Amino acid sequence: MSSEKEVFDLMWEVRKFTRSSVMLKHVIAQKAGLHVTDAECIDFLMEMGPSTAGALAKATRLTTGAMTNVIDRLERSGFVKRNPDPKDRRKVVVSYIPQKKAGMTADYASLAGEVQQLFMKYNLDELNLFTTNMQALTDIYIKQVDSLDK
């Protein structure tokens, strides 16, 4: 059974991790000439695949106007392209251009290598526990976003 102190210590480490993650994303986005929001939209596109501006706005919780500005900046920078939606000619589908993201991927390579090296020290059960808990933590964060965004 864990004590309140260990739980508090872990919660504090999660807080520091999320803060450092935001700082890293900001630095990498700046290096690529992007706003951190723009870089996050690229991640959403990588996860979601080609998407309409409305779907991206919903996923990111940005307004459609703000999303249009993000897409405009990303298109000017060569990170995304717009194509007509084959299902609805009034809409466009936004796709990221993987070749352009290669520079940002290189910035994450060192991080990925170190994290992989860390995770390789754990056995399968421990990795599954981490994965399950990260998924649960993500669900808690999204639930809080939903409750605060009403």
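The values are calculated or read from the model by the stated rules, or taken from the named source; none is laboratory data. Keep in mind it's a predicted model, so treat the numbers as computed, not measured. We place every Cβ from the backbone using ideal geometry, glycine too, and count neighbours over all the protein chains shown. Note: accessible area is taken over every heavy atom of the protein model, side chains too, but ligands, DNA and RNA are not part of it. Shrake-Rupley method; radii C 1.70, N 1.55, O 1.52, S 1.80 Å.
The table for this structure:
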| read-out | value |
| --- | --- |
| Selection count where residues are assigned to a helix (DSSP H, G or I) and surrounded by fewer than 18 Cβ atoms within 10 Å (Cβ to Cβ), scope region 56-65 | 5 |
| Pair list, Cβ under 8 Å, 6 or more apart: region 73-88 residue free of Cβ contacts under 8 Å to residues at least 24 places away in the same chain and farther than 28 Å from Thr105 by Cβ, other residue open to solvent by less than 30 Å² (accessible area, probe 1.4 Å) and of a type in the set (Ser, Thr, Tyr) | none |
| Residue check for Thr68: hydroxyl-bearing (Ser, Thr, Tyr) and exposed (fewer than 11 other Cβ atoms within 10 Å of the Cβ) | no |
| Subset of region 48-72 (residues that are touching a residue at least 12 places away in the same chain (Cβ under 8 Å), closer than 22 Å to Ile142 by Cβ and of a type in the set (Val, Ile, Thr)) | Thr52, Thr60, Val70 |
| Candidate set: region 71-86, residues that are in a helix (DSSP H, G or I) and of a type in the set (Asp, Glu); chosen: the one surrounded by the fewest Cβ atoms within 10 Å (Cβ to Cβ) | Asp72 |
| Matching residues in region 77-90 - criterion: being within 15 Å of Thr37 (Cα to Cα) and not hydroxyl-bearing (Ser, Thr, Tyr) | Phe79, Val80 |
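Yes/no per residue for (1) at pLDDT below 95; (2) part of a helix (DSSP H, G or I); (3) within 17 Å of the chain's Cα centre (by Cα); (4) surrounded by 11 or more Cβ atoms within 10 Å (Cβ to Cβ):
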site: Gln99; (1), (2), (3), (4): yes, yes, no, no
site: Asp107; (1), (2), (3), (4): yes, yes, yes, yes
site: Gly113; (1), (2), (3), (4): yes, yes, no, no
site: Tyr122; (1), (2), (3), (4): no, no, no, yes
site: Asp125; (1), (2), (3), (4): no, yes, no, no
site: Leu129; (1), (2), (3), (4): no, yes, no, yes
site: Ala136; (1), (2), (3), (4): no, yes, yes, no
site: Asp139; (1), (2), (3), (4): no, yes, yes, no
